[in-house]
Amino acid sequence: MTPDMLLPEIVLAFNRWVIYYFALLNGVYVVLFLVSLVEVVRFVKGTFFSDYEQILKSDMTWPVSILVPARNESRTIVETVRSLLNVNYGQFEVIVVNDGSKDDTLQRLVGTFDMKRTDKIYRRTLPTGPVRAIYGTLEVPNLTVVDKERGGKADALNTGINVSRYPLYCSVDADSIIEENALLRVVKPFMEHPQEMVAVGGIVRIANGCEVREGRVARIGLPRKPLPIFQVVEYLRAFLSGRIGWSTLRSLLIISGAFGLYRKAEVIAAGGYDRWSETEDLELVLKLHETLNRRGRPYRIVFVPDPVCWTEVPSTFRVLARQRNRWHRGLLQSLWRHKRMILNPRFGVIGTIALPYFVLFETLGPFIEILGYAMLALSWWLGLLNADFFLLFLVFAVFFGVFLSVAAVLLEEISFRRYPGWQHLATLVLFGILENFGYRQVLSLFKVKAFWDFLLRRRAWGRMERQGFRTAPPPAPAARRI
């Protein structure tokens, strides 16, 4: 076969393969959405009758240590700590670990809460970098601030685990705010399955556009810039159509570092957080799956869609590119680290379904999408493009993309209704349509770049510029009665 004949054959074979790949991928998406839909309906019905007041007052409710790793978070750290100190929960402590900040993160904490240096003694169960000082305050006895040399987020979390006192710990990002009853809701699975439950993740929503007063989201709104709105839709789809489905199938691989609750003893037994990982939250969950499966210990790692954590997301493509590059590099690192689990029936659905999905679709998907556009242009140049078939395929591709995004938005509306106005719903539906024409392709390019950086072993956390939370105006004074 001559080269002139070989090239068209390769192009046609690739195009046929892409059709099968596309059908399989969207089939998985639809199954996950249907599983999530059933689970959300069941969850909402069960939550309606839940007595969280009983969990709050029960002596059997486990105390929780809230760990907040912070580096250069001066703009948001005080509001974050205030929101944590105001959670509606029985016994808890807040431990902020200042990881060598170059700004005034430490000074703002010390000054705001009138903290003094203490001689607190703790057991160094996990190896960490040097701790400079530990601060406490009599005014807020359940608040501790640890000042340490820079070692990265994983090292800061390991330090927080060492200093913590309680059997459960909750990791919360320093640019995040959790709702008042979030801990009560996320601890409920531990109360229902005290022997098996190891980790619980909660949903993360976007704080851009919301107004914050005294550590609480006082008014929910959408961001003013288009880029964060695209991320609102993306987060809804990832959490409501993705993680709920994986959790129901006992295949959850990711608990967001912004908000997750863990059994401390199991995390220590697994070796804690790894400093080498770019995504320490994903790596920890994979380590827990592997460790517990090897031990033959019955366990549960689940996702709960109701406990809400609000976090700030990038508002520029430059910052978004850094974030997604790190996320994807971290995924590739963890998949390579745990490659022995892939297609290994010893690890159940994790090894036979979840990990192969991430390899086939999350790792290869961006390359196939970008290469598909190149092959489309080449097909047209070679005269192989069937216009009718291409338009039909494009309609189906856009339809599935729009369906999944809009379905996630509507699932949010019929279940939790966090966004109060019809204008919010209409805007989210519109952006759920528009994200298929540019935003999704840009994310694929970010992932292709991340794969290249992974091969070159480039490591960079990337600076995340924060805008800070929008401060809500004080409530209007009550009208005087005459």
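The values are calculated or read from the model by the stated rules, or taken from the named source; none is laboratory data. These figures come from a predicted structure and were not determined experimentally. So basically every Cβ, Gly included, is an ideal-geometry build from the backbone, and we count neighbours across all protein chains shown.
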Segment 159-215, residues that are in a strand (DSSP E or B) and more than 30 Å from E149 (Cβ to Cβ): M197, V198, V200, G202, I203, R205, I206, E211, V212, R213
Look through segment 392-436, keep the residues that are under 22 Å from the mean Cα position of the chain (by Cα) and not in a helix (DSSP H, G or I), and return whichever of them is nearest to K225 (Cα to Cα). E435
Give me the pairs, please: first residue somewhere in segment 421-432 and closer than 10 Å to V233 by Cβ, second residue anywhere and assigned to a helix (DSSP H, G or I) and of a type outside the set (V, I, T), beta-carbon distance under 6 Å, and either six or more positions apart or on two chains. F431/F230; G432/S405
I'm told T144 meets every condition in (1) among the β-branched types (V, I, T); (2) in contact with an Asp or Glu (Cβ under 9 Å, 6 or more places away or on another chain); (3) part of a loop (DSSP other than H, G, I, E, B) except one. Can you identify the failing condition by its number? (3)
Among the residues of segment 316-354, write down those that are of a type in the set (K, R) and over 19 Å from the mean Cα position of the chain (by Cα). R318, R337, K339, R340, R346
Of S74, S65, which residue is modelled with pLDDT of 85 or more and touching a Phe, Trp or Tyr at 6+ places or on another chain (Cβ under 7 Å)? S65
Taking V302 as meeting all but one of (1) touching a Lys or Arg at 6+ places or on another chain (Cβ under 6 Å); (2) in contact (Cβ under 8 Å) with a residue 24 or more places away in the chain; (3) surrounded by 17 or more Cβ atoms within 10 Å (Cβ to Cβ); (4) farther than 30 Å from I433 by Cβ, write down the number of the exception. (1)
Which of the residues spanning segment 159-183 are over 19 Å from the mean Cα position of the chain (by Cα) and either modelled with pLDDT of 90 or more or under 15 Å from G260 (Cβ atoms) (or both)? T159, G160, I161, N162, V163, S164, R165, Y166, P167, L168
Collect the residues in segment 305-321 that are in a helix (DSSP H, G or I), out of contact with any Pro (no Cβ under 8 Å at 6 or more places or on another chain) and touching a residue at least 24 places away in the same chain (Cβ under 8 Å), keeping them in residue-number order. F317, V319, A321
Applying the selection to segment 252-268, what residues are more than 22 Å from E179 (Cβ to Cβ), out of contact with any Ser or Thr (no Cβ under 6 Å at 6 or more places or on another chain) and of a type outside the set (K, R)? L253, A265, E266, V267
Condition (residue is of a type outside the set (F, W, Y) and not in a helix (DSSP H, G or I)) applied to segment 281-294: is it met by at least one residue? no
Odd one out for G257 among (1) buried (at least 20 other Cβ atoms within 10 Å of the Cβ); (2) assigned to a helix (DSSP H, G or I): (2)
Condition met for T363 (under 19 Å from E278 (Cβ atoms) and touching a Ser or Thr at 6+ places or on another chain (Cβ under 6 Å)): no
Can you tell me how many residues within segment 407-454 are of a type in the set (G, A, S), surrounded by fewer than 20 Cβ atoms within 10 Å (Cβ to Cβ) and under 30 Å from D306 (Cβ atoms)? 3
How many residues are at pLDDT 85 or above and aromatic (F, W, Y) if we restrict to segment 42-62? 1
Sole residue being under 19 Å from the mean Cα position of the chain (by Cα), basic (K, R) and either buried (at least 21 other Cβ atoms within 10 Å of the Cβ) or modelled with pLDDT of 95 or more (or both), chosen from R263, R275: R263
For segment 345-352, check the following and say yes or no: at least one residue is more than 30 Å from E280 (Cβ to Cβ) and among the basic types (K, R). no
Considering (1) farther than 25 Å from Y29 by Cβ; (2) assigned to a helix (DSSP H, G or I), say which one S277 fails and leave the rest. (2)
From the list V87, V97, V145, pick out the single residue that is out of contact with any Ser or Thr (no Cβ under 8 Å at 6 or more places or on another chain) and modelled with pLDDT of 95 or more. V145
Can you pull out every residue in segment 12-31 that is within 17 Å of V359 (Cα to Cα) and in contact with a Leu (Cβ under 9 Å, 6 or more places away or on another chain)? V18, Y21, L24, L25, N26, Y29
Determine whether segment 18-28 contains at least one residue that is touching a strand residue (DSSP E or B) at 6+ places or on another chain (Cβ under 6 Å) and in contact (Cβ under 8 Å) with a residue 12 or more places away in the chain. no
Among residues of segment 96-117 being touching a Phe, Trp or Tyr at 6+ places or on another chain (Cβ under 7 Å) and touching a residue at least 24 places away in the same chain (Cβ under 8 Å), the residue nearest to E79 (Cα to Cα) is V110
For L240, which of the numbered conditions (1) surrounded by fewer than 23 Cβ atoms within 10 Å (Cβ to Cβ); (2) touching a residue at least 60 places away in the same chain (Cβ under 8 Å); (3) in a helix (DSSP H, G or I); (4) of a type in the set (A, V, I, L, M, F, W, C) fails to hold? (1)
